[in-house]
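So the structure is just underneath, and the comments pick up after that.
The values are calculated or read from the model by the stated rules, or taken from the named source; none is laboratory data. As the structure is a prediction and not an experimental result, all values here were calculated from the model. Note that we place each Cβ from the backbone using ideal geometry, even for glycine, and neighbour counts take in every protein chain shown.
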Amino acid sequence: MKKILCLVAITVLCCVAPAMGQEKIGELEMLDLGTNHPYSAADHQREWVVHFPSADYIRVHFSQFDLAFGDSVRIMSMDGSQNFEYTGKGPHGNSSFWAFSILGDTAILQLNAGNGGGFGFEVDSFGRGISIEGPGGGIGGIGETPESVCGTQDWADVECYRNSYPTEFGNAEAAVKAVIGCCTSCTAFKISDSGQFMFNNHCASTDNAVQSTELQIRYQASSCGSSASIESSVMATEMLATDYTLDYTLMDTGGGGGSIPCLALDERLADMGEQIHIAHHPSGGPKKLSIVSTHSSNPGFCEVDASPYNGRGTNSDVGYYCDTIGGSSGSPVISTSTGKVVAVHHFGGCLNSGGRSDQIASQLSGVLDECVVVPSTCDGGVIDPGEDCDGTDLGGETCVSQGFDSGVLACSGSCSFDTSGCDLACMPKGDTCEVNSDCCSNKCKGKPGRKSCK
């Protein structure tokens, strides 16, 4: 018989403040919850429910965790769509860790005790997500300006660009939302095939902070303007390198993030006027793409407006007007021409700016693993960057969306649209025709090869 304990925490007035450029997305709640010590096999499938009304997410912190071999704890959403299992002494082997976030206001903890005899676990706190209203700005330090919207806010859901800007959409796949500890978020991106990720030094700069970082893969709207979901999550396991001046932290995930591509660092200083785009999670929300800028100084496609540019160091940055806000810290600033990262975004102020990729790459020689860019594979059944379509996948496009009135759109062998099966409405008087049915008047007259609608 299942035993269920339902807990609603009391808000703690004192909570951890986010660092510069991080976005505060939650509050820390204290909690006293745990098993018997040791627990027994009779506790099999005992459940605890952690609930906070209207919370955007629940993220549980284990202060102690040590299970017998073969036993496990599952943390689940109410509908079971999110389900994470923990064994032994937890993912880092040190008996203390932040679990993966559960979206919504309720998380279920289930002990599966087939053997029993282990210590069990203690939960001392959890983070509960708060709604972010309007553009956030992070929290600035001395001389450091939070990320900024330059002009009218210009980003859109990544799915809005799937068909119109397929290359930029494909590059954005590498960007993920990073949740640090209970309550703050940044943006990170996959930077190597081996599962290394990067974000800002001001997002996390210690082993403990990195090991509390959850990376949410494809947290984005399923279609332009729709609601969002998370495909999967991975946990950072180790900090590999960090630097204050260039404001980056490189972390490992033990091979995580295999479902998304990586973005390589460009080993050159970005050119003035070079077109760029930024994939990011503003305010800790679903993934967006910044492709255009409305700033009066340089409206149009986002581009490099200062190179080099002063950041935490002299000439340490690249500057641009592409829109960002709190939560965008750590975003890849991507060259549209090369598909490589030319800066790791961190500051605002219009110009906004990011640490130079060429200097970061130089520091990480021998530490950063390789990111091999896989060329587009036409006829693979999946629309790759640079392809309009692939096989039967038309990306939601139709003859009508291509400017025709009716018909059946197809995909060519070169993965471009084949509109030969699409039709326009009847032709007006004077247009060239071949048969009567081509014309709205049903009258196609004239000499062969020179007929027109009458």
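Could you check Glu231 against (1) within 12 Å of the chain's Cα centre (by Cα); (2) surrounded by 19 or more Cβ atoms within 10 Å (Cβ to Cβ); (3) at negative phi and say which number it fails?
Only one criterion is unmet by Glu231, namely (2).
From Ser185, Ser164, which residue is without any contact (Cβ under 8 Å) to a residue 12 or more places away in the chain and of a type outside the set (A, V, I, L, M)?
Selected residue: Ser164, the only one of Ser185, Ser164 that is without any contact (Cβ under 8 Å) to a residue 12 or more places away in the chain and of a type outside the set (A, V, I, L, M).
Pairs, please: C-beta under 7 Å, at least 6 apart or cross-chain, first residue of a type in the set (A, V, I, L, M) and in the range 125-138, second at pLDDT 50 or above?
From the range 125-138, the pairs are Ile130/Ile25; Ile130/Gly26; Ile130/Glu27; Ile130/Asp56; Ile132/Ile25; Ile132/Ser283; Ile132/Gly284; Ile132/Gly285.
Spot the failing condition for Arg162; the list is (1) touching a Lys or Arg at 6+ places or on another chain (Cβ under 9 Å); (2) closer than 19 Å to Gly339 by Cα; (3) of a type outside the set (Ser, Thr, Tyr), and only one is missed.
(1)
Quick one: Leu250 ticks every box in (1) modelled with pLDDT of 95 or more; (2) not in a strand (DSSP E or B) bar one, so which box is it?
That leaves (2) as the condition not met.
Quick check: is even one residue across the range 227-246 in contact (Cβ under 8 Å) with a residue 60 or more places away in the chain, farther than 22 Å from Asp384 by Cα, in a loop (DSSP other than H, G, I, E, B) and of a type in the set (D, E, K, R)?
Within the range 227-246 (the criterion being in contact (Cβ under 8 Å) with a residue 60 or more places away in the chain, farther than 22 Å from Asp384 by Cα, in a loop (DSSP other than H, G, I, E, B) and of a type in the set (D, E, K, R)), the answer is no, since none of the residues qualifies.
Grab the strands (runs of 3 or more DSSP E) fully contained in the range 273-333, keeping just those with 1 or more residues being more than 15 Å from Leu351 (Cα to Cα).
Once the strands (runs of 3 or more DSSP E) in the range 273-333 are filtered for at least 1 residues that are more than 15 Å from Leu351 (Cα to Cα), what remains is 276-280, 288-290.
Only one of (1) more than 26 Å from the chain's Cα centre (by Cα); (2) more than 24 Å from Ala236 (Cα to Cα) is not met by Gly93, so which one is it?
(2)
Looking only at the range 398-452, filter to residues that are within 20 Å of Val382 (Cβ to Cβ) and surrounded by 15 or more Cβ atoms within 10 Å (Cβ to Cβ); which one of those is modelled with the lowest pLDDT?
Only one residue tops the list, namely Cys415.
Would it be correct to say that Ile260 is touching a Phe, Trp or Tyr at 6+ places or on another chain (Cβ under 6 Å), under 30 Å from Asn83 (Cβ atoms) and of a type in the set (Val, Ile, Thr)?
no
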